[in-house]
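Report on one structure; see the data block that follows.
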Amino acid sequence: MDEEDTRDFNERCAQCSEVNWGLTDGGRFYCRSCHNVTERTREVVNTDFITNSRVQTISKGLKKQEKNDGGCEWYICEGFQLVLKKQVEALEALGVCPQMKDEILCNFWRCYLQKSKQAYCKRPAGETVKALSVCGSSTDVDSDPERPSLLHLLSLSESEGDLQTDCSFTSSVSKVSESTSVYSGSVDGSLYLMKNQKENLRMTMPMTLSFCYLALLWVREPITLSELLRFVIEGHIPYMNVFQHFPEKMKLCGLDLKIFCVESWPVYEEVFNKMHELAAFLDLPRFPDITESCFLHPDMLCMKYLMEANLPDELHNWTCRVVKKIGIGEVDFLTLMPGNKSTRKVKYDVLAAAVIIVVLKLLFLLDDHYEWLLSEFAEERNRNNTEGGRYFEFKKWYEVVKRSLDVKQKKLDEEKAKYLWRCEKPLFYSVKNKSKVLKRRQMVVNLQNQFGKLSGSVQRAEKPNPSSFQLSWSEENTDGSCFHGHSLKGILQEKCGLLRAMNPDYWLCTVKLCNEKLCGHLAHYKEVEFPQSYHFVLGLFSFLLRIQPSYIHDEVCMIEHRLFNKKLCKKLKYNTVLRKLKRPKTSSIKPM
């Protein structure tokens, strides 16, 4: 049919110079070779129609394919779909399995659109007109070259009868969108912001990362949430100014910028909490089990963080003992079960870091006194020890790691300070200001180029390849800066066939945990109330995970209360008796 309609149109394509034309549903000529759409349209001669025929793609004929400014009609969910596409492609480039995009994230996104009533659903009877419901109205998304071909996830077939194809509904949406989206490039931008979507879990930019982490967790990829957010900050995963990659015809202005323009770094807690809300909203089943062979298991993550923190390898035996003793390595504890309020939300990376800190407190106490005393003994033994391995010196480790940590922290702070929040693509909130914004932007670019030439500034180097390790230590270094192979014999003693810590005491971060739902934390952390050694170790893992120290402190308190549960209960009862006798209470606990 297209050959007959395009037979008289013999002009060459402006892009590829081919003569191979087809017709869009809107009546425009497009090149089958390069999909370039021309301004020429076919004149309709025959207006006969079959009265009883069923309309399959009524929305395409009713939608304006182009606006006056050359843009096309698009919806907010399509914009988020493009963002997800860019992010999952970046994850695939980092080595994530290709099945995550088509088999996992695709299904999660379809399910979200259906449950939020944006697509794959029928409009409820008697409901007012909603612009969001038109997202799935087309029955063949990829066949129209004028409509952006997005994630290729929603290649809807004509056999799917649950999509909205109501002619009157589509025409009414067009009228509503024209009157409500005056200051928005999208059709439903203003309605999207006005609509109260607490029940439907409104889509946001941080939620795109929640989608990605949810899919990563399902396929059990060796990427933690802290690593995912670090890759975002380093620019390996699109997030900041990602709308620059939108097709040219998807015009962003006005209220669209409030939705897609991000002016802050993603926050761990926000992405983590939204991920759990999303899993419950989608009504997902129990996730695949996190077993001992899985990267997210505490034993595996503890090994990784011990290497990155430049701590002795022998500490891994102690972390495994703690994990086994308090049961945080069990499958039911680690596996995500959406909607189950009785299970604890596990932060795998934070949990592993907290286990290491508890082990350091068990062995070195970290009270600003005992660890330095052990360090002096180890230093003296190393001077007298001419053969065999070296004993671990806490003081020397502190000096080496602090020096490297300060350099990395200073570099990170400088990069954040120099970060250009403005995108290369000019943004404008209304069509009236477009010419002014473009002119001002061009002036800024010219001035930057001129000052760059005068100052002789060096152009930015290319981004380094992403790495799972931020701090690297090699045993081949002759300066003794690597502590992986150092021994803990100086601080351990054998008792009943088992190695035990010489340290007889332990101090708790808190005696009683807070209500996490009310306070937001299990315990409150103030630097002045804790020893500097403890604060340094907490700050080290805070840098590695890019998370506030207070959240790691929470996990440390949780592990301590699991580890000393029986002794703590006895102590609380004892303190109660002492209060009744009006005596001062004690605070010592014997760990071993």
Query raised in the report: Only one of (1) out of contact with any Pro (no Cβ under 8 Å at 6 or more places or on another chain); (2) at negative phi is not met by G339, so which one is it?
Result: (2)
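Rundown of residues vs (1) touching a Pro at 6+ places or on another chain (Cβ under 7 Å); (2) open to solvent by 40 Å² or more (accessible area, probe 1.4 Å); (3) at positive phi, yes/no style:
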{"site": "Q244", "(1), (2), (3)": "no, yes, no"}
{"site": "C253", "(1), (2), (3)": "no, no, no"}
{"site": "V262", "(1), (2), (3)": "no, no, no"}
{"site": "K274", "(1), (2), (3)": "yes, yes, no"}
{"site": "A279", "(1), (2), (3)": "yes, no, no"}
{"site": "L284", "(1), (2), (3)": "yes, no, no"}
Report summary line: Checked segment 393-414 for anything open to solvent by less than 50 Å² (accessible area, probe 1.4 Å) and either in a helix (DSSP H, G or I) or of a type in the set (A, V, I, L, M, F, W, C) (or both); matches are F394, W397, V400, V401, S404, L405, L412
Report summary line: When (1) under 14 Å from A352 (Cα atoms); (2) part of a helix (DSSP H, G or I) are applied to C294, the one that fails is (2)
Query raised in the report: C302: part of a helix (DSSP H, G or I), of a type outside the set (A, V, I, L, M), touching an Asp or Glu at 6+ places or on another chain (Cβ under 6 Å) and under 30 Å from V400 (Cβ atoms), yes or no?
Result: no
**Report entry** helices (runs of 4 or more DSSP H) contained entirely in segment 44-121, each with at least 1 residues that are among the basic types (K, R) and at pLDDT 90 or above
**Finding:** 76-93, 106-115
Report task. Identify the residue in segment 218-238 that is open to solvent by less than 10 Å² (accessible area, probe 1.4 Å) and closer than 18 Å to F108 by Cβ and, among all such residues, is farthest from the chain's Cα centre (by Cα). Result -> I237
Requested in this report: Being exposed (fewer than 10 other Cβ atoms within 10 Å of the Cβ), at pLDDT 65 or above and either among the β-branched types (V, I, T) or not in a loop (DSSP other than H, G, I, E, B) (or both) is the filter here, so list the residues in segment 450-470 that pass it.
Outcome: K453, L454, S455
**Report entry** Among the residues listed as C519, C514, the single one being touching a Gly at 6+ places or on another chain (Cβ under 9 Å) and at pLDDT below 80
**Finding:** C514
Query raised in the report: Here are some conditions: (1) closer than 25 Å to K304 by Cα; (2) among the β-branched types (V, I, T); (3) open to solvent by 30 Å² or more (accessible area, probe 1.4 Å). V359 meets all but one. Which one does it not meet?
Result: (3)
Query raised in the report: Which number in (1) over 17 Å from L492 (Cβ atoms); (2) of a type outside the set (G, A, S); (3) in contact (Cβ under 8 Å) with a residue 40 or more places away in the chain marks the one condition that N340 misses?
Result: (3)
Requested in this report: Under 6 Å between Cβ atoms, at least 6 apart or on separate chains: pull out the pairs that start in segment 483-510 with a residue that is within 22 Å of F564 (Cα to Cα) and among the polar types (S, T, N, Q) and end on any residue that is buried (at least 19 other Cβ atoms within 10 Å of the Cβ) and modelled with pLDDT of 85 or more.
Outcome: N503/L365; T510/C557
Requested in this report: Examine segment 571-580 for a residue that is open to solvent by 90 Å² or more (accessible area, probe 1.4 Å) and modelled with pLDDT of 65 or more, and state whether such a residue exists.
Outcome: no
Requested in this report: Output the qualifying pairs, or none if there are none: Cβ atoms under 6 angstrom, residues six or more apart or on different chains, first residue in segment 259-270 and farther than 15 Å from P238 by Cα, second residue not acidic (D, E).
Outcome: Y268/I547; E270/P206
Query raised in the report: Restricting the search to segment 471-503, which residues are assigned to a loop (DSSP other than H, G, I, E, B), modelled with pLDDT of 80 or more and open to solvent by 70 Å² or more (accessible area, probe 1.4 Å)?
Result: S472, M502
Report summary line: For segment 243-273, the count of residues that are farther than 22 Å from L191 by Cα and either part of a helix (DSSP H, G or I) or in contact with a His (Cβ under 8 Å, 6 or more places away or on another chain) (or both) equals 8
Report task. Exactly one condition in (1) touching a Ser or Thr at 6+ places or on another chain (Cβ under 6 Å); (2) at pLDDT 75 or above is not met by G27; state its number. Result -> (2)
Query raised in the report: Using beta carbons and a limit of 6 Å, which pairs, at least six apart or on different chains, have the first residue in segment 282-303 and under 24 Å from E314 (Cβ atoms) and the second one open to solvent by 20 Å² or more (accessible area, probe 1.4 Å) and among the hydrophobic types (A, V, I, L, M, F, W, C)?
Result: D299/C320
Requested in this report: For segment 383-392, indicate whether the set of residues that are of a type in the set (D, E), modelled with pLDDT under 95, open to solvent by 20 Å² or more (accessible area, probe 1.4 Å) and at positive phi is non-empty.
Outcome: no
Report summary line: Per the list (1) buried (at least 17 other Cβ atoms within 10 Å of the Cβ); (2) part of a loop (DSSP other than H, G, I, E, B); (3) among the β-branched types (V, I, T), residue check on T319 breaks on (2)
Query raised in the report: Going through segment 352-388 one residue at a time, which ones are free of Cβ contacts under 8 Å to residues at least 60 places away in the same chain and not in a loop (DSSP other than H, G, I, E, B)?
Result: A352, V359, W372, L373, S375, E376, E379, E380, N382, R383, N384
Query - Considering residues of segment 86-123 that are open to solvent by 20 Å² or more (accessible area, probe 1.4 Å) and under 17 Å from T204 (Cβ atoms) only, the residue farthest from the chain's Cα centre (by Cα) - result: K115
Query raised in the report: If E308 passes every condition in (1) open to solvent by 30 Å² or more (accessible area, probe 1.4 Å); (2) over 20 Å from G329 (Cβ atoms) but one, which one does it miss?
Result: (1)
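The values are calculated or read from the model by the stated rules, or taken from the named source; none is laboratory data. Predicted model, so just to flag it, every value in this text is computed and none were measured. Because the Cβ atoms are built from the backbone with ideal geometry, glycine has one as well, and the counts that use them run over all protein chains shown. For accessibility, only protein heavy atoms count, side chains too; no ligands or nucleic acids. Shrake-Rupley method; radii C 1.70, N 1.55, O 1.52, S 1.80 Å.
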